[in-house]
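> Below is a structure I'd like to ask you about.
The values are calculated or read from the model by the stated rules, or taken from the named source; none is laboratory data. Values in this document were obtained by computation on a predicted structure and should not be read as measured data. Every residue, glycine as well, gets a Cβ built from its backbone with ideal geometry; the counts of neighbours run over all protein chains shown.
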Amino acid sequence: MAYVVGEPCVDCKYGDCVTDCPVDCFYQGDTMLYINPDECIDCGQCLPLCPVEAIFVDDDGPPNPEAYVEHDADWYIEANRDFDYSDDKRVTEKEAVVHGPKWDESKA
């Protein structure tokens, strides 16, 4: 089991999820956040914090499959596995997240 960030995060990057992660396993890409599956302890604290339900358990699939238009959930599972997890991309505070063009202040 691994937690995955999916398509609803693309161009949003709210960052609420990073605030409660006890192991700081969130990383920032150009268009979305990623969860390092080697660091995540599967605690689930991030799930209820995402205002667009972009985080899901890989075995269960996303709670909102209709939101996956550009790529399917399997594509995001692979993207989270293959991301370049370097320390300069690690985010531990919401304020450090660079929001995307679809970011909606009313959901923040």
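> Pick out the one residue from Asp87, Asp60, Asp11, Asp20 that is under 12 Å from the mean Cα position of the chain (by Cα) and charged (D, E, K, R).
Selected residue: Asp11, the only one of Asp87, Asp60, Asp11, Asp20 that is under 12 Å from the mean Cα position of the chain (by Cα) and charged (D, E, K, R).
> List pairs: first in region 11-32 and more than 14 Å from Val52 (Cα to Cα), second β-branched (Val, Ile, Thr) and not in a loop (DSSP other than H, G, I, E, B), Cβ under 7 Å, 6+ apart or cross-chain?
Here the result reads Cys25/Ile35; Phe26/Val18; Phe26/Ile35, each pair linking region 11-32 to a residue that is β-branched (Val, Ile, Thr) and not in a loop (DSSP other than H, G, I, E, B).
> Still on this structure, I have one more. Mind checking which residues of region 19-31 are in contact with a Leu (Cβ under 8 Å, 6 or more places away or on another chain) and at pLDDT 95 or above? Please lay out each step first, then the result.
First pass over region 19-31, keeping only residues in contact with a Leu (Cβ under 8 Å, 6 or more places away or on another chain): 19-20, 26-27.
Once the filter is applied, which keeps residues that are in contact with a Leu (Cβ under 8 Å, 6 or more places away or on another chain) and at pLDDT 95 or above, region 19-31 yields Phe26, Tyr27.
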